1. Based on C-alpha coordinates, I'd like the Rg and Dmax of the chain, in Å.
2. Anyone know which of 245, 103, 153 comes out most mobile in the 10 Å Cα GNM of the chain?
3. Just to be sure I understand: of the beta bridges DSSP finds with both ends in the chain, what percent are antiparallel, rounded to 5?
4. Give the Debye-formula value of log10 I(q)/I(0) at each listed q (0.19, 0.26 Å⁻¹), with one equal scatterer per alpha carbon of the stretch 257-311, two decimals each.
5. Which angle between 0 and 90 degrees, to the nearest 10, do you get for helix 284-293 versus the longest principal axis of the chain when only C-alpha atoms count?
6. Ranked by Cβ crowding within 10 angstrom, fewest neighbours first, how are 96, 159, 48 ordered?
7. Suppose a student asked you for the relative contact order of the stretch 127-221, using Cα pairs under 8 Å spaced at least 6 residues apart; what percent would you report?
8. Using every alpha carbon pair in the stretch 150-249, what percent of pairs falls into each 5 Å bin from 0 up to the bin containing the largest distance?
């Protein structure tokens, strides 16, 4: 009987030790699985377009305050070679007005193409004062299109002062082969201008770059292979395999329109160790559905709704 008890005790101890070893391995794997990257990307689209004037510094602050761990924004190159944060290649009349507060006529938009303007002439235009019916919760305020350097400096300082986690930056390159030389420089020169922004290098793993245009991604992959890249798509004709063939490398992210996401697409991404982060998901029930399917993040105009979705 005594021998039997001892055997049981030894068996229990072995089981406990094995469980401890398993849990230790599991914890270690969990801690290093993302290698310094978020376990789930909570991405504030254009900062937080649903709540603040998009792609402005206040939008970046508010996105991080309301639940985002990553801020997404768009960049363009100006005539004098600076990198400005704004979505379209020219001022959008629906939410931007002239320095005098007047509407920009739609037929005059081409006159305000950033690649044909110096930044000193871009800065005075007003973002956020004009009512924006598409986003009724968006706070009305006077802001402007910042330089990328200023935006990063401001966000880094803000998170430090307010004891917020350091932000991840999901930078979207806006370009197209059809508009080279008109709305942006060719890819090699574009990347020269972008990477000349000295604030990018200290970000390290917190800098993530995505684009619908494969060309700048290919340039970055060749010249800056440590930067994690994402391919954006709403392409209903070509699929995942075709995109990887066209890219010529395996991206870190595959970021489709959320309507294209299926369990099969998620599996294809994960089988190749690619993270999938769909856009732009503003409905709470859709957020829950996508999270349950196994996506690696969500890009949303309303990062405040992620908590409501249990994310």
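Laboratory data are not the source of any read-out in this text; all were calculated from the coordinates shown. Predicted model only: the values in this text are computed from it and were never measured. In this analysis, Cβ positions are derived from the backbone assuming ideal geometry, glycine residues included, and neighbour counts consider all displayed protein chains.
1. For the chain, the Cα radius of gyration and maximum Cα-Cα distance read 22.8, 95 Å.
2. Fluctuation is largest for 245.
3. For the chain, the DSSP antiparallel bridge percentage is about 25.
4. With no solvent term, the Cα-only Debye profile gives -0.58, -1.00.
5. 50 degrees
6. By the 10 Å Cβ count, ascending, the order reads 159, 96, 48.
7. Reported relative contact order: 28 percent.
8. P(r) over the stretch 150-249, rounded to whole percents: 2, 11, 20, 21, 18, 13, 8, 5, 2, 0.
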